[in-house]
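Inspection log for the structure reproduced underneath, given as structure tokens.
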Amino acid sequence: MTRHLLDITDFTVEEIGTVLDLAEAPVGSLGAPLAGQGASLIFEKPSNRTRHSMEMAVVQLGGHPIYTRGEEVGFDTREPVEDVARIMAGYHALIAGRVFEHSTLERMVAALDADGVDVPVVNMLSDWSHPLQAFADALTMRQSLGDLPGRTVAYIGDYANVARSLTEVSLLLGMSVRLACPHGFDADGAELERLALIGSGDVTQTTRPHDAAEGAHAVHTDTWVSMGQEREKEARRRAFEGYAVDASVMAVAADDAVFMHCLPAYRGFEVTADVIDGPRSVVFRQGHNRMHAARAALAFVLDRPERRPVAHGEGGGS
Ligand code: CP
Ligand code: NVA
């Protein structure tokens with residue numbers, strides 16, 4: 001069965017542990033599961049970390065990454081998403097997408113699975129989730145804090161793609177998650193019920209950042225204005241007033257607490273400069289871990305004994 005990576009919940013607790021271990025293994029030790037093969041990386045939105053970490057991860061696994069902007073393939077304008085996936089699966093051993101709509105990735109998976117084509121689809125950020133970020137977040141917390149079960153994560157700000165995947169991976173790893181989000185930008189009742197069923201950790205939500213951060217071991221945030229929401233910038237900045245992670249928030253966290261942010265960060269808004277540039281910030285290690293986590297996650301989905309070495313048959317024809 002093809003292993004796609006659309007959400008961190010596509011992986012079991014044990015599999016997440018394996019990926020984190022692989023991420024810490026020496027770069028060359030994962031072999032070359034992509035030797036002689038390509039990886040299609042399609043971006044409907046801008047990127048620094050995800051593009052570079054994925055391109056380098058593909059190279060480190062022996063493959064050749066090809067970057068394409070979304071407007072070039074034209075999902076559902078130039079041709080249907082399904083046709084893009086079917087064609088790319090004939091050239092590449094892996095298709096990864098940064099998309100506006102999560103359903104774009106689900107449609108790729110459905111088309112390839114229906115055709116019996118063994119090419120994993122990887123989510124490089126959608127409106128719903130950001131699982132590659134979550135692997136790097138978990139790796140960074142494990143390196144900073146040691147054993148994660150029983151530790152507490154505080155997430156302060158917009159409950160969006162990054163927060164969702166962070167919450168999911170933290171719960172799977174047995175951590176307690178405390179969300180602090182303003183009304184309207186929080187996890188709704190159905191989402192909290194869904195989260196309550198994930199893993200062995202527990203999740204609570206408040207509107208008060210200091211309550212969430214009290215005694216927490218990792219304090220996370222993300223931008224208040226995600227890609228595609230630029231027109232809402234001023235309204236969002238007003239809605240999130242009082243939700244900046246500042247020195248007073250970090251002061252109530254545990255003594256060994258770290259500050260984390262997926263980046264890009266907007267100093268003076270979701271985090272103050274003294275916090276993100278201060279001694280408890282691990283954001284650059286977290287950012288660099290994106291490459292190690294990506295390499296490990298790709299190796300995990302690709303390097304399976306039952307995988308065929310070539311996507312469509314053994315050469316000519318289709
Ligand atoms: N954190 C993250 O996904 O960064 P980029 O948008 O730069 O890829
Ligand atoms: N929530 C942000 C994350 C950026 C990595 C966005 O979607 O733009």
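The values are calculated or read from the model by the stated rules, or taken from the named source; none is laboratory data. The structure presented is a predicted model; accordingly, all values stated were derived computationally and were not measured. All Cβ positions, glycine included, derive from the backbone under ideal geometry; neighbour counts span all protein chains shown. SASA here: full protein model, heavy atoms, side chains in, ligands and nucleic acids out. Shrake-Rupley method; radii C 1.70, N 1.55, O 1.52, S 1.80 Å.
Surface analysis of segment 26-185 yields an accessible area of 34 Å² per residue, using protein heavy atoms and a 1.4 Å probe.
Per-residue ellipticity at 222 nm from helix content only, as computed over the chain with -39500 (n - 2.57) for each DSSP H run of at least four residues, stands at -12000 deg cm²/dmol. Segment 138-285 gives an Rg/Rh value of 0.93, both radii derived from C-alpha positions and Rh following Kirkwood.
I'd like to know how segment 56-204 sits against the 2.2 N^0.38 Å rule of thumb: what's its Cα Rg over that expected value?
That works out to 1.20 for segment 56-204.
Extending 7 Å from the Cα toward the beta-carbon at both Glu101 and Asp274 defines two label points whose distance is 4.6 nm.
Per the Kirkwood formula applied to alpha carbons, the chain shows a radius of gyration over Rh ratio, Rg over Rh, of 0.97. Once both labels are positioned 7 Å from their Cα atoms along Cα-to-Cβ, the gap between Asp303 and Glu72 label points is 2.9 nm. D for segment 118-216, whole µm²/s, Stokes-Einstein with Kirkwood Rh over alpha-carbon pairs at 25 °C and 0.890 mPa s: what number? Taking Rh from Cα pairs, D becomes 179 µm²/s.
When a 1.4 Å probe is rolled over the protein heavy atoms, the share of accessible surface on segment 1-84 that falls to carbon and sulfur comes to 53 percent. Here is the list for segment 174-251: GluC sites (Glu not before Pro) lying in DSSP coil, each with at most 12 other C-beta atoms within 10 angstrom of its C-beta, are Glu241. Note: relative contact order over the chain, using C-alpha pairs below 8 Å and six or more positions apart, is 21 percent. Accessible area ranking (1.4 Å probe, heavy atoms, ligands and nucleic acids excluded), largest first, for Ser29, Ser126: Ser29, Ser126. Rounded, prolate or oblate, given the Cα gyration tensor of segment 238-293, with a/c below 1.5 counting as rounded? Oblate.
Could you pull out the GluC sites (Glu not before Pro) across segment 76-134 that fall in loop regions by DSSP (anything but H, G, I, E, B) with no more than 16 other Cβ atoms inside 10 Å?
Within segment 76-134, the qualifying GluC sites (Glu not before Pro) (loop, at most 16 other Cβ atoms within 10 Å) are Glu101.
A probe of 1.4 angstrom, applied to the heavy atoms of all protein chains, finds Tyr155 with accessible area near 0 square angstrom. When restricted to Cα atoms, segment 124-175 yields an Rg and a Dmax of 10.7, 31 Å, respectively. Taken per residue, the accessible surface of segment 192-292 reaches 49 Å², heavy atoms only and a 1.4 Å probe. Positive contributions from Lys and Arg (+1) and negative ones from Asp and Glu (-1), summed over other residues with Cβ under 13 Å from the Cβ of Val81, come out at -4. By a 1.4 Å probe calculation restricted to protein chains, Thr152 has an accessible surface near 10 Å², given to the nearest 10. Near Gly17: Cβ cut-off under 12 Å, other residues only, Lys/Arg at +1 and Asp/Glu at -1. The net charge is -4. For a modelled paramagnetic label at Leu263, 7 Å from Cα along Cα-to-Cβ, no residue of segment 83-115 is in reach, as no backbone nitrogen comes under 15 Å.
The angle between the Cα long axis of helix 13-24 and the main principal axis of the chain comes to about 80°, on a 0 to 90 degree scale.
By the scheme Lys and Arg +1, Asp and Glu -1, what is the net charge of all other residues having a beta-carbon under 15 Å from that of Ala114?
Details: positive: Arg86, Arg107; negative: Glu82, Asp83, Glu106, Asp113, Asp115, Asp118.
That works out to -4.
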